[in-house]
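Report on the following structure.
The values are calculated or read from the model by the stated rules, or taken from the named source; none is laboratory data. Source: prediction; values computed, not measured. We place every Cβ from the backbone using ideal geometry, glycine too, and count neighbours over all the protein chains shown.
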Amino acid sequence: MSSPLAEPVLFHVGPVPFTETMLTSVAITAALGGASALIGRRLSVRPGRLQAATEVVVAAISDQIRAIVRRDPAPYLPLLGTLFLFLVTANCAGVLPMVHAPTERIETPLALALIVFFSVAGYGVREHGLLGYLKHFLEPSPLLAPIHLLSQATRTFSLMMRLLGNIMSHGLVLAVVVSVAGLLVPIPVMAFALFVGIVQSYIFTVLAAVYVGAAIEEQVDGRAA
């Protein structure tokens, strides 16, 4: 009996299996990358509507990062800004006909949560050095090291499951409503799904920023900055 979380493989590229989720994620990544490159090449002192809208989004994300990490947001904007934009696109992709949101499958939330996990460690090491960052796992007592490590693992698992559970549940509800009522009736449900997708993207990104802020603010003597 196969797992309900398993997804059929569409084709292989060498040893790498490709599923619908992977193809959708690749398409979203390519679309966002292409749009970023296109906008970047057309930057102007007098911005047009597209550039102005992009600057508003970037400024809003930067302000939110600054409020959380209490630092210059520039070093953290590439990670957190990319996470937010990818999540908004991925979470909302499910409202398109014949498209499933990649965040409905466990692989995508898991991959994003692991990116946050390793990025947080990377920012912590860059801020305090390897020994300084590892030292806080031993404070205030080395006996608490397993608890600190378990906390790191459980918050990563929680980050993954929160995103997966919310997007999967709304995807199932939308699919049931569409199958029963057709394409026109569930428009309010689709609008609510878009709202939920944006909210979950915001929550995921804010939590990632909180984890980054905690890692860079920790002092090597165990006191908060």
S179 vs. criteria in a helix (DSSP H, G or I), out of contact with any helix residue (DSSP H, G or I) (no Cβ under 9 Å at 6 or more places or on another chain) and at pLDDT below 80: yes
Index of the failed condition, T24 passing every other in (1) loosely packed, with under 14 Cβ neighbours inside 10 Å; (2) over 25 Å from G122 (Cβ atoms); (3) of a type in the set (S, T, Y): (1)
Any hit, segment 4-23, residues being over 29 Å from R162 (Cα atoms), polar (S, T, N, Q) and assigned to a helix (DSSP H, G or I): no
